[in-house]
Amino acid sequence: MEVNHPLTKHQKSIGVYGTSCDEIQKWVRVFQNYSSIATAYLDASHQSEDATNTLTAGGGFAKMQWEGDLISPFLFHWVNGNHFSAPVQIIIDDENKVESLKRRKDQLTNVVLVITADGELPQHLVEWGVITDQTICYSRECLNEIADWVRVQTKPAPLVALILTGGMSERMGQDKAMMDYHGIPQWQFLGEECAQLEIPVLFSVRSHEQALLRKIPMENCIVDQFVDFGPLGGILSAMMQFPQYSWVVMACDMPNWSSHSIRYLIQSRESQKMATAFWNEEKQWAEPLATIWEREAKGFISLWISQSRCARKLLNRLPLQKIDPLEVNWLHNVNSPQEKMDWLKRQGE
């Protein structure tokens, strides 16, 4: 039974055709293990007479599930071709399912990969006219080649640094982005540290006026589109304006943050997770503002901010790569005049 699925034009989907639902699910597990980003699997339940949309996903297959009408927060989906059509298709050749596949040949509009027992294209696919010069064929044993192909389809997004400067600085009593810990305003220091690593830099600001007051070039700024939503509002604003990137997010209140810590965070990136974050042992949580937020997390942030503004709690609910800082003081933040005085004293020790 084929039912409609809820994916939009902004979400990529590849349908898997040609074999039983159990075999499709097994192959999707293989594809998900090889994927370089977090992906979902769209299927239909067989538990009732009416097919029900189900979505399973996560580093360990089926960590999350929705049933019935759903809006998927994922950007990439493997799709069961026995129930849904998809704009791109993989065929798992199964001689017992040829007639079943033939009934769906009109859906085979862009067959990019065929997996067979011997690595040879089945004659019936050629006769149906669904094979093109771009179609690749591998045997089931060519797992290294299949893994390479999957990684190409699921390349992680390039990284851009997002320096958060839009806070109100109420506890500090002065603009934290303008604090001078290293001889220049902190926003500028962080920008220069990123430049050393050749990472493109953008600044999250609350308004054009805020950027002008600090003399941050407007062409490097992203103005918050969500008023009073805290750091998540700034992160989501960046994701909406530049959906092709993942983001190395950093705050202006960690004066020990530098190119050293940024480099280590990037080297520790696990793009198959939704985020890579430093684990704060003292506070027993992942630090959301010293984090790589993957492009794939956008949908989850959009859903989350309708109920909460807490980035830390969201991180705890997402597939997360936790890393330990090489230096504990990387995560020390300064939010008040007293904390600033304490930090300055420590520099003189």
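The values are calculated or read from the model by the stated rules, or taken from the named source; none is laboratory data. This structure is a prediction, so every number in the text was calculated from the model and none was measured. No Cβ is skipped: glycine too gets one built from the backbone with ideal geometry, and neighbour counts run over all protein chains shown.
Residue-by-condition table, conditions (1) surrounded by 23 or more Cβ atoms within 10 Å (Cβ to Cβ); (2) in a loop (DSSP other than H, G, I, E, B):
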position	(1), (2)
Pro243	no, yes
Val248	yes, no
Asn256	no, yes
Tyr264	no, no
Lys273	no, yes
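Name every residue in the range 140-169 that is part of a loop (DSSP other than H, G, I, E, B) and either within 16 Å of the chain's Cα centre (by Cα) or not assigned by TED's automatic domain parsing to the domain that holds Glu296 (or both), in order of residue number.
Step one: filter the range 140-169 for residues part of a loop (DSSP other than H, G, I, E, B), giving 140-142, 154-158, 165-169.
Within the range 140-169, Arg140, Glu141, Cys142, Thr154, Lys155, Pro156, Ala157, Pro158 meet the criteria.
Looking only at residues in the range 275-296 that are among the hydrophobic types (A, V, I, L, M, F, W, C), touching a residue at least 40 places away in the same chain (Cβ under 8 Å) and surrounded by 20 or more Cβ atoms within 10 Å (Cβ to Cβ), which one is nearest to Met240 (Cα to Cα)?
Trp293
Which of the residues spanning the range 116-169 are of a type in the set (A, V, I, L, M), under 16 Å from Ile92 (Cβ atoms) and crowded, with 19+ Cβ neighbours inside 10 Å?
If the condition is that a residue be of a type in the set (A, V, I, L, M), under 16 Å from Ile92 (Cβ atoms) and crowded, with 19+ Cβ neighbours inside 10 Å, then Leu125, Val130, Ile146, Val150 are the ones that fit.
Step by step: first the residues of the range 296-349, then only those that are among the hydroxyl-bearing types (Ser, Thr, Tyr) and under 19 Å from Phe229 (Cα atoms), then the one that is modelled with the lowest pLDDT. Which residue is that?
Ser306
Hey, which of the strands (runs of 3 or more DSSP E) in the range 86-139, taking only ones fully inside, have at least 3 residues that are under 19 Å from Gln25 (Cα atoms)? Lay out the reasoning, then the answer.
On the way: elements: 88-92, 111-116, 136-139.
The qualifying strands (runs of 3 or more DSSP E) are 88-92, 111-116.
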